[in-house]
Amino acid sequence: GDGTGRDHWTPVTIGNLSSGVEAITAGAYHMSALTVGTSDGGGVKCWGQNAYSQLGDGTHTDRLVPVDVYGLSSGVQAVSAGGFHTCAVTTAGGVKCWGSNTYGQLGDGTRTSQPTPVDVVGLASGVQSVSAGLEHTCAVTAGGSVKCWGRNGNGQLGDGTLVDSWSP
């Protein structure tokens, strides 16, 4: 994220994020940051590999410095980077995901990868947090229940099956 693409043995400042960051999350080959926002919530910026559009900027172009996620420059309360996808919780409690969707990990009811954020089916409100794994995703609702979707080959969705789910 420092604009060079080189490995570093000591910490470096990340491009345009020298201040104003509330949280960060690491995916397989990409990073995302939640910026400090107003009462409407913060924004999301991502950088790194973008082969699966996991940066959410509408391209497949790798980025050496953070770029804004399309449509999420504000209104976000949490972000989680998965293997090759990323998800965010909006201040309205909805979940949006983008990137690779080979196993339905975006939760939009399809297996079509998305270069910009899409709504997760049935989770337009009432979500407190989200956690993106390698090829699956889970969310905690305001009522304290857990909903998961995506790859389930090892039972990671917790539904008692080994069947992938394209929606929560």
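The values are calculated or read from the model by the stated rules, or taken from the named source; none is laboratory data. Predicted, not measured: the structure shown is a model, and the values here were computed from it. Don't worry about glycine lacking a Cβ; one is built from the backbone with ideal geometry, like all the others, and counts go over all protein chains shown. Areas reflect the complete protein model, heavy atoms only, side chains present, ligands, DNA and RNA absent. Shrake-Rupley method; radii C 1.70, N 1.55, O 1.52, S 1.80 Å.
All conditions but one from (1) open to solvent by less than 20 Å² (accessible area, probe 1.4 Å); (2) of a type outside the set (Ser, Thr, Tyr); (3) closer than 21 Å to Ile24 by Cα; (4) under 12 Å from the mean Cα position of the chain (by Cα) apply to Val120; the one that does not is (3).
Thr102 passes every criterion in (1) within 26 Å of Ser145 (Cα to Cα); (2) open to solvent by 40 Å² or more (accessible area, probe 1.4 Å); (3) in contact with a Pro (Cβ under 9 Å, 6 or more places away or on another chain) apart from (3). Tell me which residues, restricted to region 135-165, are closer than 26 Å to Thr91 by Cβ and either modelled with pLDDT under 95 or not polar (S, T, N, Q) (or both). If the condition is that a residue be closer than 26 Å to Thr91 by Cβ and either modelled with pLDDT under 95 or not polar (S, T, N, Q) (or both), then His136, Cys138, Ala139, Val140, Ala142, Gly143, Gly144, Val146, Lys147, Cys148, Trp149, Gly150 are the ones that fit. Report, ordered by the first and then the second residue, all pairs with beta carbons closer than 8 Å, sequence separation of six or more or different chains, a first member in region 58-69 that is at positive phi, and a second member that is open to solvent by 40 Å² or more (accessible area, probe 1.4 Å) and part of a strand (DSSP E or B). Once the first residue is at positive phi and sits in region 58-69, its partners that are open to solvent by 40 Å² or more (accessible area, probe 1.4 Å) and part of a strand (DSSP E or B) give Gly58/Pro115.
None of Ala92, Ala28 is in contact (Cβ under 8 Å) with a residue 40 or more places away in the chain and either within 10 Å of the chain's Cα centre (by Cα) or open to solvent by 10 Å² or more (accessible area, probe 1.4 Å) (or both) except Ala28. If you take the residues in region 35-49 that are part of a loop (DSSP other than H, G, I, E, B) and at pLDDT below 90, which one is farthest from the chain's Cα centre (by Cα)? Among them, the one singled out is Ser39. The set of residues in region 35-46 that are open to solvent by less than 10 Å² (accessible area, probe 1.4 Å) and of a type in the set (A, V, I, L, M) contains only Val44. Report the residue count in region 105-117 for those that are open to solvent by 70 Å² or more (accessible area, probe 1.4 Å) and among the polar types (S, T, N, Q). Summing the residues that are open to solvent by 70 Å² or more (accessible area, probe 1.4 Å) and among the polar types (S, T, N, Q) in region 105-117 gives 1.
Selection of region 150-166 for residues being polar (S, T, N, Q) and either farther than 15 Å from Gly133 by Cα or open to solvent by 70 Å² or more (accessible area, probe 1.4 Å) (or both) yields Asn154, Thr161. For the structure I just gave you, tell me whether Leu17 is within 11 Å of the chain's Cα centre (by Cα) and not in a strand (DSSP E or B). No.
Conditions (1) open to solvent by 20 Å² or more (accessible area, probe 1.4 Å); (2) charged (D, E, K, R); (3) part of a loop (DSSP other than H, G, I, E, B), marked per residue:
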| residue | (1), (2), (3) |
| --- | --- |
| Ala23 | yes, no, no |
| Ala33 | no, no, no |
| Ala51 | yes, no, yes |
| Gly56 | no, no, yes |
| Val65 | yes, no, no |
| Gly71 | yes, no, yes |
| Gly83 | no, no, yes |
